[in-house]
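Each remark here refers to the structure printed beneath this line.
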Amino acid sequence: MKEKDKVENIENNILNEEAILKKEKQKAGTIGKDIIKTEKIIDNEARKISGGSKEKNNNTAIFIVLGIAVLIILICVIAVFYRHSSNNFKYMGIEFNKNYMKNIIFYTAMVPVIDVYGDTQAYKEIDFRNDPRKLKDVIVDVNGSVKFIKTDTVYVSYGEINQCGDNSLAATNLGFFLAATNMNYKGAIDDPDYANNTNIPYVNCQTHPNNTVLLVKSGNETKIAQTSNNCYELVFKECEILKATEKFELTILDQYMKEITKNKGN
(Lines give C-alpha, C1' and ligand atoms only; values in the text may rest on other atoms or scores of the structure.)
Protein backbone atom coordinates (compact mmCIF):
# COMPACT_ATOMS: atom_id res chain seq x y z
CA MET A 1 0.00 0.00 0.00
CA LYS A 2 1.26 3.38 -0.88
CA GLU A 3 1.98 5.93 1.72
CA LYS A 4 -0.67 8.18 0.32
CA ASP A 5 -3.31 5.51 0.71
CA LYS A 6 -2.25 4.81 4.26
CA VAL A 7 -2.59 8.45 5.14
CA GLU A 8 -6.07 8.57 3.64
CA ASN A 9 -7.15 5.51 5.56
CA ILE A 10 -5.90 7.01 8.79
CA GLU A 11 -7.75 10.25 8.09
CA ASN A 12 -10.92 8.32 7.28
CA ASN A 13 -10.64 6.39 10.53
CA ILE A 14 -10.16 9.58 12.49
CA LEU A 15 -13.23 11.10 10.84
CA ASN A 16 -15.26 7.99 11.58
CA GLU A 17 -14.22 8.03 15.24
CA GLU A 18 -15.09 11.74 15.50
CA ALA A 19 -18.47 11.02 14.00
CA ILE A 20 -19.01 8.18 16.47
CA LEU A 21 -17.96 10.42 19.38
CA LYS A 22 -20.31 13.10 18.17
CA LYS A 23 -23.18 10.62 18.06
CA GLU A 24 -22.29 9.36 21.51
CA LYS A 25 -22.26 12.92 22.84
CA GLN A 26 -25.67 13.51 21.31
CA LYS A 27 -26.98 10.31 22.88
CA ALA A 28 -25.49 11.33 26.23
CA GLY A 29 -27.16 14.73 25.96
CA THR A 30 -30.49 13.13 25.19
CA ILE A 31 -30.12 10.71 28.10
CA GLY A 32 -29.18 13.61 30.40
CA LYS A 33 -32.25 15.51 29.31
CA ASP A 34 -34.37 12.41 29.88
CA ILE A 35 -32.87 12.01 33.34
CA ILE A 36 -33.62 15.63 34.16
CA LYS A 37 -37.20 15.22 32.89
CA THR A 38 -37.58 12.05 34.93
CA GLU A 39 -36.25 13.80 38.02
CA LYS A 40 -38.73 16.63 37.48
CA ILE A 41 -41.59 14.18 37.05
CA ILE A 42 -40.57 12.31 40.20
CA ASP A 43 -40.24 15.58 42.10
CA ASN A 44 -43.68 16.73 40.92
CA GLU A 45 -45.25 13.40 41.87
CA ALA A 46 -43.54 13.54 45.27
CA ARG A 47 -44.93 17.00 45.82
CA LYS A 48 -48.41 15.81 44.82
CA ILE A 49 -48.13 12.86 47.17
CA SER A 50 -46.84 15.10 49.96
CA GLY A 51 -49.64 17.61 49.37
CA GLY A 52 -52.24 14.84 49.23
CA SER A 53 -50.84 13.33 52.40
CA LYS A 54 -51.10 16.66 54.19
CA GLU A 55 -54.65 17.14 52.90
CA LYS A 56 -55.50 13.60 53.96
CA ASN A 57 -54.03 14.23 57.40
CA ASN A 58 -56.04 17.45 57.70
CA ASN A 59 -59.24 15.65 56.70
CA THR A 60 -58.49 12.89 59.20
CA ALA A 61 -57.99 15.44 61.96
CA ILE A 62 -61.28 17.15 61.07
CA PHE A 63 -63.13 13.82 61.17
CA ILE A 64 -61.60 12.99 64.55
CA VAL A 65 -62.65 16.35 66.01
CA LEU A 66 -66.17 15.99 64.61
CA GLY A 67 -66.38 12.44 65.94
CA ILE A 68 -65.38 13.54 69.43
CA ALA A 69 -67.93 16.40 69.31
CA VAL A 70 -70.72 14.03 68.25
CA LEU A 71 -69.74 11.58 70.98
CA ILE A 72 -69.86 14.33 73.63
CA ILE A 73 -73.29 15.44 72.40
CA LEU A 74 -74.57 11.85 72.52
CA ILE A 75 -73.28 11.41 76.06
CA CYS A 76 -75.00 14.63 77.14
CA VAL A 77 -78.28 13.61 75.50
CA ILE A 78 -78.16 10.16 77.10
CA ALA A 79 -77.35 11.69 80.51
CA VAL A 80 -80.27 14.12 80.23
CA PHE A 81 -82.61 11.35 79.10
CA TYR A 82 -81.47 9.06 81.91
CA ARG A 83 -81.89 11.78 84.52
CA HIS A 84 -85.32 12.67 83.17
CA SER A 85 -86.47 9.04 83.03
CA SER A 86 -85.13 8.31 86.51
CA ASN A 87 -86.71 11.46 88.00
CA ASN A 88 -90.08 11.04 86.28
CA PHE A 89 -92.09 7.86 86.39
CA LYS A 90 -95.63 6.56 86.31
CA TYR A 91 -97.06 4.54 89.19
CA MET A 92 -100.67 3.49 89.74
CA GLY A 93 -101.54 5.48 86.62
CA ILE A 94 -100.22 8.70 88.22
CA GLU A 95 -97.26 10.74 87.02
CA PHE A 96 -94.63 11.26 89.74
CA ASN A 97 -91.78 13.77 89.63
CA LYS A 98 -88.71 13.34 91.80
CA ASN A 99 -87.67 16.75 93.11
CA TYR A 100 -84.86 18.10 95.24
CA MET A 101 -84.80 20.89 97.77
CA LYS A 102 -81.22 21.13 98.97
CA ASN A 103 -80.62 17.74 100.58
CA ILE A 104 -84.33 16.84 100.79
CA ILE A 105 -85.88 14.52 98.22
CA PHE A 106 -89.62 14.40 97.70
CA TYR A 107 -91.93 12.85 95.13
CA THR A 108 -94.72 14.95 93.69
CA ALA A 109 -97.82 13.15 92.44
CA MET A 110 -99.74 14.86 89.63
CA VAL A 111 -103.27 13.70 90.46
CA PRO A 112 -105.83 14.40 87.71
CA VAL A 113 -109.02 16.25 88.65
CA ILE A 114 -111.88 14.77 86.63
CA ASP A 115 -115.16 16.49 85.75
CA VAL A 116 -118.59 14.81 85.44
CA TYR A 117 -117.82 13.93 81.83
CA GLY A 118 -114.65 12.09 82.74
CA ASP A 119 -112.34 14.74 81.32
CA THR A 120 -109.23 15.97 83.13
CA GLN A 121 -109.70 19.60 84.13
CA ALA A 122 -106.56 20.13 86.22
CA TYR A 123 -103.98 18.38 88.37
CA LYS A 124 -103.45 18.45 92.10
CA GLU A 125 -99.90 18.18 93.36
CA ILE A 126 -99.41 15.94 96.40
CA ASP A 127 -95.94 15.48 97.86
CA PHE A 128 -94.49 12.30 99.33
CA ARG A 129 -91.20 11.87 101.12
CA ASN A 130 -90.95 8.18 100.26
CA ASP A 131 -90.61 6.71 96.80
CA PRO A 132 -94.14 5.28 96.34
CA ARG A 133 -92.76 2.25 94.52
CA LYS A 134 -90.83 1.26 97.63
CA LEU A 135 -93.98 1.20 99.77
CA LYS A 136 -95.60 -1.65 97.85
CA ASP A 137 -94.58 -4.16 100.54
CA VAL A 138 -96.42 -2.31 103.32
CA ILE A 139 -99.42 -4.47 104.23
CA VAL A 140 -102.90 -3.09 103.53
CA ASP A 141 -105.56 -5.21 105.23
CA VAL A 142 -108.93 -3.64 104.44
CA ASN A 143 -112.32 -5.01 103.50
CA GLY A 144 -112.53 -4.17 99.81
CA SER A 145 -111.56 -0.50 99.87
CA VAL A 146 -111.16 2.39 102.28
CA LYS A 147 -114.48 4.19 102.74
CA PHE A 148 -115.16 7.55 104.33
CA ILE A 149 -118.36 8.89 105.85
CA LYS A 150 -118.09 12.24 104.14
CA THR A 151 -121.16 13.73 105.77
CA ASP A 152 -119.43 13.76 109.17
CA THR A 153 -116.03 14.78 110.46
CA VAL A 154 -113.13 12.47 109.73
CA TYR A 155 -110.96 12.18 112.84
CA VAL A 156 -107.22 11.55 112.74
CA SER A 157 -106.49 10.32 116.24
CA TYR A 158 -103.02 9.65 117.61
CA GLY A 159 -102.56 6.83 120.07
CA GLU A 160 -99.42 5.83 121.91
CA ILE A 161 -96.58 6.65 119.54
CA ASN A 162 -92.82 6.70 119.85
CA GLN A 163 -91.04 10.03 119.86
CA CYS A 164 -89.79 10.25 116.28
CA GLY A 165 -88.48 13.08 114.19
CA ASP A 166 -91.07 12.58 111.46
CA ASN A 167 -94.16 12.64 113.71
CA SER A 168 -95.06 16.27 113.02
CA LEU A 169 -94.27 15.97 109.30
CA ALA A 170 -96.46 12.87 108.98
CA ALA A 171 -99.36 14.56 110.78
CA THR A 172 -99.07 17.71 108.66
CA ASN A 173 -98.83 15.86 105.34
CA LEU A 174 -101.78 13.61 106.20
CA GLY A 175 -103.82 16.70 107.03
CA PHE A 176 -102.88 18.31 103.71
CA PHE A 177 -103.83 15.14 101.87
CA LEU A 178 -107.28 14.92 103.49
CA ALA A 179 -107.88 18.60 102.76
CA ALA A 180 -106.83 18.09 99.12
CA THR A 181 -109.38 15.28 98.81
CA ASN A 182 -112.10 17.54 100.26
CA MET A 183 -112.37 15.74 103.59
CA ASN A 184 -113.66 17.58 106.65
CA TYR A 185 -111.09 16.29 109.12
CA LYS A 186 -110.03 17.09 112.64
CA GLY A 187 -107.09 16.07 114.80
CA ALA A 188 -107.71 14.05 117.98
CA ILE A 189 -105.95 11.90 120.56
CA ASP A 190 -106.58 8.44 122.00
CA ASP A 191 -105.69 9.46 125.55
CA PRO A 192 -108.53 10.60 127.86
CA ASP A 193 -106.23 12.12 130.48
CA TYR A 194 -104.34 14.21 127.93
CA ALA A 195 -107.61 15.18 126.27
CA ASN A 196 -109.07 16.37 129.59
CA ASN A 197 -106.15 18.73 130.07
CA THR A 198 -106.31 20.16 126.55
CA ASN A 199 -108.85 21.20 123.97
CA ILE A 200 -108.00 18.17 121.80
CA PRO A 201 -110.93 15.73 121.49
CA TYR A 202 -110.61 12.19 122.79
CA VAL A 203 -111.42 9.87 119.87
CA ASN A 204 -111.05 6.22 119.01
CA CYS A 205 -113.10 3.62 117.14
CA GLN A 206 -115.32 2.95 120.16
CA THR A 207 -116.03 6.53 121.15
CA HIS A 208 -117.03 7.64 117.63
CA PRO A 209 -118.48 4.64 115.73
CA ASN A 210 -120.48 6.89 113.40
CA ASN A 211 -117.44 8.78 112.17
CA THR A 212 -114.53 7.67 110.03
CA VAL A 213 -111.58 7.35 112.40
CA LEU A 214 -107.94 7.04 111.38
CA LEU A 215 -105.98 5.84 114.40
CA VAL A 216 -102.22 6.36 114.12
CA LYS A 217 -100.15 4.37 116.60
CA SER A 218 -96.93 2.44 117.16
CA GLY A 219 -96.79 -1.33 116.73
CA ASN A 220 -94.66 -4.32 115.83
CA GLU A 221 -94.97 -3.82 112.06
CA THR A 222 -95.85 -1.11 109.59
CA LYS A 223 -99.30 -1.73 108.08
CA ILE A 224 -102.78 -0.42 107.37
CA ALA A 225 -105.57 -2.42 109.06
CA GLN A 226 -109.34 -2.00 109.11
CA THR A 227 -110.68 -2.79 112.59
CA SER A 228 -114.37 -1.90 112.01
CA ASN A 229 -116.63 -0.48 109.32
CA ASN A 230 -115.42 3.08 109.79
CA CYS A 231 -112.10 2.62 111.60
CA TYR A 232 -108.63 2.22 110.12
CA GLU A 233 -105.40 1.81 112.05
CA LEU A 234 -102.20 3.22 110.61
CA VAL A 235 -99.63 1.18 112.51
CA PHE A 236 -95.89 1.75 112.27
CA LYS A 237 -92.72 0.33 113.79
CA GLU A 238 -89.32 1.89 114.48
CA CYS A 239 -90.40 5.44 113.60
CA GLU A 240 -91.73 4.46 110.16
CA ILE A 241 -94.70 6.77 110.67
CA LEU A 242 -94.26 8.41 107.24
CA LYS A 243 -94.37 5.02 105.57
CA ALA A 244 -97.67 4.22 107.29
CA THR A 245 -99.38 7.54 106.58
CA GLU A 246 -98.11 7.77 103.00
CA LYS A 247 -99.09 4.18 102.26
CA PHE A 248 -102.60 5.06 103.43
CA GLU A 249 -102.63 8.09 101.11
CA LEU A 250 -101.40 6.00 98.18
CA THR A 251 -104.12 3.44 98.88
CA ILE A 252 -106.75 6.19 98.54
CA LEU A 253 -105.15 7.47 95.32
CA ASP A 254 -105.01 3.96 93.88
CA GLN A 255 -108.75 3.53 94.52
CA TYR A 256 -109.41 6.92 92.95
CA MET A 257 -107.47 6.12 89.75
CA LYS A 258 -109.13 2.72 89.41
CA GLU A 259 -112.53 4.39 89.70
CA ILE A 260 -111.58 6.85 86.94
CA THR A 261 -110.47 4.01 84.68
CA LYS A 262 -113.66 2.11 85.40
CA ASN A 263 -115.87 5.10 84.58
CA LYS A 264 -114.02 5.78 81.33
CA GLY A 265 -114.60 2.18 80.33
CA ASN A 266 -118.37 2.49 80.75
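Before moving on, here are some points about what is shown:
- Condition broken by Asn167, with the remaining ones in (1) more than 26 Å from the chain's Cα centre (by Cα); (2) at pLDDT 95 or above satisfied: (2)
- Number of the condition not met by Gly118 [criteria: (1) loosely packed, with under 15 Cβ neighbours inside 10 Å; (2) at pLDDT 90 or above]: (2)
- Residues of the stretch 101-150 that turn out to be not in a loop (DSSP other than H, G, I, E, B) and not aromatic (Phe, Trp, Tyr), as a count: 24
- Complete set of residues in the stretch 191-220 that are under 18 Å from Ile241 (Cα atoms) and not in a strand (DSSP E or B): Gly219, Asn220
The values are calculated or read from the model by the stated rules, or taken from the named source; none is laboratory data. Since this is a predicted model, take the numbers as computed values, not measurements. Note that we place each Cβ from the backbone using ideal geometry, even for glycine, and neighbour counts take in every protein chain shown.
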